[in-house]
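Every read-out reported here was derived from the displayed coordinates using simple, explicitly stated rules and does not represent laboratory data. Source: prediction; values computed, not measured.
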Amino acid sequence: MSDNADDFEKRNEPLAPPPGSDYEVPFILHSDSPLERAFDKAEHWVKVGVRPDHIFLDDRNISVINFHKIMKDPLLAQAGVERYVDFRCSLTLSETDVDAVFSSVCYYEPDCEPVFINQYDPELSSIKEVLNMVAENLFTYLKKPLLRSNSGF
């Protein structure tokens, strides 16, 4: 390439933002492996959709994400009742399945002691319905197609 061509390319290069600017460009790479894509989507759903209080394990090598979440009970919120559901969730992904297992599940109203759920609890069906909503939200999200950028990033 000639010196003139190099000068032309340098003049037409976009300028880098000044140090300390808020300029960001997201780079996203999706694997061709269905398991890798499912993990990417599940991880995004957990971090952006669920916004857990704590992530205990986020390990792509074993395809497991474990997190803790405290959320308002959406079923009672519609009725104007404030109750919280506190749970841990373990997502395990394989080539064909996504398993969501909820553990350490409790519920409580503000300024009250948490009640850990058991098979005899009268609120069991209500709490199971809330956890089912969380799982269905994940499974619906995982069925959505990946968005691919045509910009080459």
Prolate/oblate/rounded label for the range 36-153 (Cα gyration tensor, a/c 1.5): prolate
Set of lysines near Lys41 by C-alpha distance (under 29 Å), chain-local residues within fewer than 8 positions excluded: Lys69, Lys72, Lys128, Lys143, Lys144
Extension reserve of the Leu57-Arg37 stretch, reckoned as 0.36 nm per residue once the Cα distance is removed: 5.4 nm
Under-5 Å amide H pairs with Asp73, H placed in peptide plane, nonlocal only: Arg83, Tyr84, Val85
Whole-Hz couplings from phi, Karplus 6.51/-1.76/1.60, listed for the range 131-140; x for Gly and Pro: 5, 5, 4, 4, 5, 4, 4, 5, 5, 5
